[in-house]
Amino acid sequence: MNRLDGKVCLVTGAASGIGKRIAEVYAQAGGRVVIADLKLDAAEAAASAIRDAGGEAMAVAMDVTDEAQVVEGVAAAVARYGRVDVLVSNAGIQIVNKLTDFSLADWKKMLAIHLDGAFLTTRECLRDMERRGEGGAIVYMGSVHSHTASKLKAPYVTAKHGLLGLARTVAKEAAAYGVRANVICPGFVRTPLVDKQIPEQAQELGISEEAVVRDVMLKDTVDGEFTTVDDVANVALTLAAFETNALTGQSIVVSHGWFMQ
Ligand code: NAD
């Protein structure tokens with residue numbers, strides 16, 4: 001269990017934060033990792049660090065909202081490694097604002113990265129998996145906000161709920177060729193995405209940054225603790241390496257008890 005020996009794992013948004021740690025953990029488990037990110041320099045650096053540690057990794061430039069770049073990035077992975085066995089659709093951003101102040105452009109940008117990106121990467125990887133008929137795994141990076149809502153996050157909450165529907169549909173359609181699809185739903189993890197939000201939320205809510213962390217982000221956890229990139233990466237490893245269709249179409253909440261389903 002929890003080995004990915006030789007499996008080709010494409011992780012989007014893997015130049016930073018949660019995706020970067022998933023790529024490292026997958027490489028340590030024997031996976032051949034494709035680091036797909038908007039930021040090619042950071043993706044190259046992450047791939048190089050994995051290779052320096054004895055793992056196998058390549059970087060591809062990919063804006064997940066750009067159909068041509070997704071097609072080319074997945075094709076580059078298949079050209080190099082012959083296949084894609086695992087997709088982690090993880091790339092994401094956050095824009096916080098009151099619903100009444102949200103621009104249509106920001107709404108569309110959020111849905112494009114989280115939902116169009118998940119669709120496009122899923123389609124391209126599934127085409128390879130269907131053709132080979134040797135199974136595979138897709139992991140979507142949802143959020144506690146796949147199950148509940150918070151103020152100021154209308155498009156994020158909408159998109160993260162949408163990923164549950166996509167994962168369940170993929171679980172049904174792709175079971176015929178042995179592909180499983182699941183969603184990880186983390187609580188707050190201290191990454192650049194969250195560090196940026198703390199001062200923004202403090203300003204929007206008119207409270208201190210310490211109060212945002214204590215009274216907004218971690219208020220409903222069982223222990224006042226942040227979830228870590230390792231917590232999420234270890235669950236991502238289990239979902240990638242799990243061997244049967246028994247675990248498909250599910251969402252797993254990793255949030256220090258913030259949300260219990
Ligand atoms: P992060 O900012 O550290 O990393 C996100 C990465 O995605 C960056 O490398 C960025 O370049 C890349 N990216 C952004 N837009 C992209 C695009 N269009 N195409 C390709 N790559 C793109 O953020 P993170 O906290 O590691 O977030 C990763 C995922 O985890 C996101 O989907 C986020 O919603 C989700 N998540 C994060 C938290 C948290 O608390 N940090 C909690 C729940 C879910």
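Where a number appears in this text, it was derived from the coordinates with a stated rule and is not lab data. A quick note: this is a predicted structure, and the numbers were derived from the prediction, not measured. Backbone-built Cβ (ideal geometry, glycine too); neighbour counts: all protein chains shown.
Numbers for the structure displayed
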| quantity | calculated |
| --- | --- |
| C-alpha long axis of helix 192-205 to longest principal axis of the chain, angle in ° | 20 |
| The chain: translational diffusion in µm²/s, Stokes-Einstein, Kirkwood Rh over Cα pairs, 4 °C, 1.567 mPa s | 71 |
| Residues of type aspartates and glutamates that LYS160 reaches as a straight line, Cα spacing below 14 Å, ignoring anything fewer than 8 places off in the same chain | ASP116 |
| For ASP116, ASP52, order by how many other beta-carbon atoms lie within 10 Å, fewest first | ASP52, ASP116 |
| Listed residues ALA36, ALA240, ALA112, most fluctuating in the chain (Gaussian network, C-alpha, under 10 Å) | ALA112 |
| Highest average packing first - 62-69, 136-143, Cβ atoms within 10 Å | 136-143, 62-69 |
| Cα-based equivalent ellipsoid, region 141-218: semi-axes from gyration tensor eigenvalues, Å | 32, 12, 8 |
| Nearest-ten-degree value, helix 229-241 long axis tilted from longest Cα axis of the chain | 40 |
| Packing-based exposure ordering (other Cβ within 10 Å, fewest first) of CYS185, CYS9 | CYS185, CYS9 |
| SER208-THR238 pseudo-label distance in nm [points 7 Å out on the Cα-to-Cβ vector] | 3.7 |
| GNM top mover of GLY162, GLY54, GLY117 - the chain, alpha-carbon springs below 10 Å | GLY54 |
| Filtered GluC sites (Glu not before Pro), region 192-253: DSSP coil and at most 11 other beta carbons within 10 Å | GLU243 |
| Cα-Cα separations in region 95-147 greater than 12 Å, expressed as whole percent | 73 |
